[in-house]
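> Dropping a structure here in structure tokens format, bear with me for questions.
What follows draws every value from the coordinates through simple rules; no lab data is involved. In this text, all values refer to a predicted model and were calculated from it rather than measured experimentally. For neighbour counting, all protein chains shown are included, and Cβ atoms are generated from backbone atoms with ideal geometry for every residue, glycine included.
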Amino acid sequence: MGEYKNVLVAFCACVAVWAGYEVFLKPRFETSSEVLVQKESQKSEVKSSNTCFISEAQSLKSEHVVLSNHVVEAKIRLQGAVLDSLSLVGYKENTLGSDPVQILHPYGTRHGYWVRIGWEPQDQNVSMPVEDTLWNVSKTSSDQEVILEWSNSEDVQFEQKFSLDSKYMLKVVQTIKNRSSRPFFVRCSGEIFRQGPIENVDHWLSYEGPIAVCDRILSNMSYSDLQKSPREFKKGNWAGISDKYWLVALVGDPISRTSQGSAQKNSKEMYSISLKREFVSIFPGKSYTQVQNIFLGPKEVKILDNYEKSHKIQRFDLAVDFGWFYFITKPVFYLLSFFKECFGSFAAAILLLTVCVRGLFFPLAVKSARSMAAMQRLQPKLLALKEKFKDDKMALNHGIMELYRAQKINPFSSIWPMLLQCPLFFALYKVLFVSIEMRHAPFWGWIQDLSAPDPTSVLTLFGIVPVELPAALTIGVWPLLMGVTMILQQRTSSAQNVTLDKSQQWILSYGLPALFVYMMAQFPVGMIIYWTWNNTLTIIQQYLIRYFNLVGNHV
């Protein structure tokens, strides 16, 4: 009894320390970090007088030209021909019908994020359009197309034709007409810029940050790595910056052999990634045209797959972080999408897919149960051996192995079936976390967004008590239901093992479920529902195995 109390006290102390940190210490650390960032930003305004970007005031006040279709509204700043505003009409910031999601933001705003397509001269004496160049609108044939022009002092004409397709691809046709008296060498370049600090990107389940595919090989370049040193790559087919649900990517020419990615972190934490083509020579009286595509939109697998085929983009679906088990995760996603199309509900698709997975592995579950039953039958003999050789571990191990050999039992036979299921269950878990289809998808009852935490709070009696609790103390109904199913599942399995003492059984039956409830309370509720439903099916599965005596004479 004393040991039981010690375990209970230790567990409660751990939870109290964790909750105390989340409530009291963590906000102070975050506040001090924000103050430090503000101070560094103030210092940078003094030190960075030679920045290559236009001022924040110019960026926000400059005239823009608008391109739009039924899913995207893009704004191009005439000063610099910079794409610095993009809204996704079909996606809202929240479930209350708010403003559309805005991916790109002008330089100088809190989340500055923009794209610039231009040229890079080999000879620095050539006058080229730069960040503060004011472009002229030559022609706008429709809401989805605009042509910008600019000429330098040597009468070299630069032209950029922006064309938006019916979805999320922006095509930029760059043309140079050399009307001067001398040749020059130039290459086309595309760059994506982002101002830091970047928030909420360090999650082990999903990568967010600069990304590129070179010769069909994926390269992730995290913000933390780029702070230490720049990265360069060649033969890049596409490169961009990936968020959890959104992607901004430069799509290069498959024939091009020269591409490089770079990042810089100055006092304002500016990150960039680029694709640059080969240098070409343009002689007097000649012209040169190059096409650059920019993807700006959601990471919907179907859309990425279609662009991969139509634009010959290498492994464009890798923008979605399917993880190491890609060969399992993507088929699982397709099956989940099929169920969603059949039933019209992502929530119903999750439940049905979990049932299918459990049904697929039911024979393995029966085999595992038989092995566990055979091991259970040996428990009295194992206890006798432990008592007999309690002071001689070598003799005890030898006696146990001889007992297994005599009874023709493999102690690992109950584990292998469960290990075989792990990749598939993890793949399903991964799909639910990274899939944009789960964003703002409703469930029955009070759940309106499967990608957000459960909005209810048991400690406030579901809103009756007018108290706003910190996130660390907010535990909803679905996390509690998950905990209940874990308790039922653990009690069923731990009760079969007579070698566990009371404190160990209490930890398995109550301690671990309570810890999981607290840790996962702020996870997306769609994942909590999946976990709860999976636990429920496991309990039903164990009941069916016992009811129909599928274990047979192994008991």
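> Past the 20 Å Cα-Cα mark, which pairs from Lys171/Lys244; Lys61/Lys139; Lys367/Lys408; Lys161/Lys235?
Values: Lys171/Lys244 24 Å; Lys61/Lys139 22 Å; Lys367/Lys408 15 Å; Lys161/Lys235 25 Å.
Result: Lys171/Lys244; Lys61/Lys139; Lys161/Lys235 exceed 20 Å.
> Provide Rg over Rh for the stretch 110-190; use the alpha carbon set for both Rg and the Kirkwood Rh (inverse mean inverse pair distance).
Working: Rg = 14.1 Å, Rh = 14.1 Å.
Dividing the radius of gyration by the Kirkwood radius yields 1.00.
> Can you give me the long-range amide H partners of Val72? Hydrogens built in the peptide plane at 1.01 Å from N, cutoff under 5 Å, separation of 5 or more residues or another chain.
Val89
> Enter the Cα centre distance for the pair the stretch 380-452 and the stretch 92-127, rounded to the nearest angstrom.
With the stretch 380-452 and the stretch 92-127 each reduced to a Cα centre, they are spaced 48 Å.
> Around Phe443, which amide H atoms from residues at least 5 apart in sequence, or from another chain, sit under 5 Å from its own amide H, with H modelled in the peptide plane?
Amide H to amide H, under 5 Å and 5 or more residues apart or across chains, Phe443 pairs with Gln448, Asp449.
> Taking amide hydrogens as modeled 1.01 Å from N in the peptide plane, which residues meet the under 5 Å criterion relative to Glu131, leaving out close sequence neighbours?
Amide H neighbours of Glu131, under 5 Å, 5+ apart: none.
> How far is it, in nm, from the label point at Glu387 to the one at Ser141 when both lie 7 Å from their Cα along the line to the Cβ?
About 9.2 nm separates the two model spin labels.
> On to the next question. Which ³J(HN,Hα) values in Hz, rounded to whole numbers, follow from the phi angles of the stretch 440-456 under the Karplus curve 6.51 cos²θ - 1.76 cosθ + 1.60, where θ = phi - 60° and Gly and Pro get x?
6, 7, x, 10, 6, x, 8, 7, 10, 8, 5, 8, 10, x, 4, x, 7
> Taking the stretch 351-459, which chymotrypsin sites (Phe, Trp or Tyr not before Pro) meet the DSSP loop condition and have no more than 13 other C-beta atoms within 10 Å?
Phe412, Trp444
> Aspartates and glutamates near Lys502 by alpha-carbon distance under 17 Å, same-chain residues fewer than 8 away left out - which ones?
Lys502 reaches Glu3.
> What FRET efficiency would be calculated for the residue pair Val355, Trp446, taking the C-beta separation as r and a Förster radius of 22 Å, to the nearest 0.05?
Details: r = 24 Å, r/R0 = 1.08.
It comes to 0.40.
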